[in-house]
Every structure is written in C-alpha cells, then in structure tokens.
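One structure below.
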Amino acid sequence: MHKCKSGPQLRQSLRAWFDSPLGRSLQAIETNQLRTILPRLYGLVTLQLGSLGKMDMMQGCHTPTRVVLDLLPNGDTATVQGVPEAIPFDTRSVDVALLPHTLDFADDPHQVLREVDRILVPEGHVIILGFNPLSLWGLRRTLAARRGHVPWCGNFLRLARLKDWLRLLEYELIGGHMMYYRPPLQNDRLMDRLYFLDAVGDRWWPMMAAAYIVVAKKRVFGVTPLRARWRRKSVIRPSLSEPVVRGIQRHG
C-alpha cells in the first residue's frame, strides 16, 4: 500500500475527496457527532489540526478562540500555517485539540500525539476522528486498485491501538462513538437509500463502522492547572494571545 503524498498536495486531495458525495456524507455525520461533544468542553482555545471539506467542524465550540493548523488557507477561520508534527503553539496553551483524521494522514502519528500532549493544558481534551480498518472501508483500502489515492492511502489506525497510545500518555478515555455503516460508494441516491444502515449498524455490528470518534482528557497528577496570560488588545492577532501561537493568518 503506497503512502499518501505529504504537503500541500495531500491537503488539496483530502479537501477534494471530502467535497465529493461520499466525503460530504461522511463529514456530515462526523460534524453532527461533534455538535454533541464540543459544547460540553470549555476553555479559551480550540485548535483543529488540518481542515477537510467545506463544513465547519468547530461550529459547536463555546471557546472564544478557534484556530485551524494547516498548510492551506481555511476560509474565514483563523489559520496557522504548519504541520501537526511540529505545532507552533506554546506548551499548555490549548484547551481542546480536534484531530479530524489527522492521524490517518500523518507521517508520524506518535509525534502528532506527543505534540498535542505538549500544547494541551492539564485537564484539556483531545478529540480524534479516524477511519476504522475493520470495516468495509478497510476492505476497500486493502483492495484499492488505485494506490496512493486518498483516503485509501491513509494509515487507518485500529481503535484498540489508538486507545493504547492514549493510555500510555496517561489520558483518560471519557467518550467515543462508532459511526457510518454505509459502504464506500460515490452515488448520492444510493447512499441516501442506505441511510438505514447507520441505525442498524449501531445496534448489530458497531465495530464494523467506517469511522470512530474518541474523546480523551489529559490527566497530570499532582499538578494544578495554570492559565496562560492573555492580552486584551492586539493589532495583528485580536483573538489570540501572545505568544501562544506564531504565524497566524486570517483568510476570507
């Protein structure tokens, strides 16, 4: 299985796929799940590592500052140019980290998690969306004729493996959900007709879902959470503190 090409080309390919009928269908389900999770997580800063399609996956956030880390502009959302393996944020400066299939397409998933652990405040949360290899989508990936094409060139990490990584970092798993049981078909009408599979799958074969979402809390035992000092006024970065993030850009 060929790896996905990295850099801006990968980001453009991912955005194109998530704007396809199949990608939009999956992202709609994922965004709906996030709407039930994000409002319960509080803080000052939410950071999304990588953008996918045109849907705003952070729309349910209550945090006043929302930033996307990516190599490409992200519409009206504040964008920081960078890669998830080297996040240009200060240590303990982010309250919620959202990883929408970030680990699936990272060159070094372990390093991404280490960086997330570094920037999260004590008791901060990480939300991870990933493709499930033990599904029809995983089978499609294995049998993919067009090697190197997204999303089939992704890592597709097993849920059990991801949970082990988080436990090693001493994170507490506080929530999760399997989702999307429809086969990977690029046909709007047929996919709409197969919508019933989502309800059936949740009941009868939950571990065969195409994707999963995991919510974990950073536990730092014996350490009192400390807040970064925030400036109220800034000409260049009105919504972000200094020096929490470097390289902020606004596009729109």
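The values are calculated or read from the model by the stated rules, or taken from the named source; none is laboratory data. Just so it is clear, the model here is predicted, and its values are computed rather than measured. All Cβ positions, even for glycine, are placed from backbone atoms using ideal geometry, and neighbour counts span all protein chains on display.
Before we move on, is T36 among the hydroxyl-bearing types (S, T, Y), surrounded by fewer than 17 Cβ atoms within 10 Å (Cβ to Cβ) and not in a loop (DSSP other than H, G, I, E, B)? So T36 passes the test. Are any residues in segment 60-118 over 16 Å from the mean Cα position of the chain (by Cα), farther than 15 Å from G50 by Cα and surrounded by fewer than 22 Cβ atoms within 10 Å (Cβ to Cβ), and if so, which ones? The answer is H62, T63, P64, T65, D90, T91, R92, R118.
Okay, residues lined up against (1) modelled with pLDDT of 50 or more; (2) assigned to a loop (DSSP other than H, G, I, E, B):
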position: P183; (1), (2): yes, yes
position: M191; (1), (2): yes, no
position: Y212; (1), (2): yes, no
position: F221; (1), (2): yes, yes
position: T224; (1), (2): yes, yes
position: R231; (1), (2): no, yes
position: I236; (1), (2): no, yes
position: G252; (1), (2): no, yes
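In segment 29-44, the count of residues that are small (G, A, S) and more than 16 Å from the chain's Cα centre (by Cα) is one or more.
Take F18 and decide whether it is closer than 25 Å to R141 by Cα, touching a helix residue (DSSP H, G or I) at 6+ places or on another chain (Cβ under 9 Å), among the aromatic types (F, W, Y) and surrounded by 19 or more Cβ atoms within 10 Å (Cβ to Cβ). Yes, satisfied. Restricting attention to segment 114-129, the residues that are closer than 19 Å to M57 by Cβ and assigned to a helix (DSSP H, G or I) total 2.
Scanning segment 1-54 for residues that are aromatic (F, W, Y) and touching a residue at least 40 places away in the same chain (Cβ under 8 Å), which turns out nearest to G124 (Cα to Cα)? Within segment 1-54, the match that is nearest to G124 (Cα to Cα) is Y42.
Where residues in segment 42-56 are among the aliphatic types (A, V, I, L, M), modelled with pLDDT of 95 or more and crowded, with 21+ Cβ neighbours inside 10 Å, which of them is nearest to N132 (Cα to Cα)? The selected residue is L49. Report, by residue number, each residue of segment 169-183 that is within 25 Å of T36 (Cα to Cα) and surrounded by 14 or more Cβ atoms within 10 Å (Cβ to Cβ). Scanning segment 169-183 gives Y171, G175, G176, H177, M178, M179, Y180, Y181, R182, P183.
The residue of segment 115-144 that is farthest from L166 (Cα to Cα), among those that are among the hydrophobic types (A, V, I, L, M, F, W, C) and free of Cβ contacts under 8 Å to residues at least 24 places away in the same chain, is L143.
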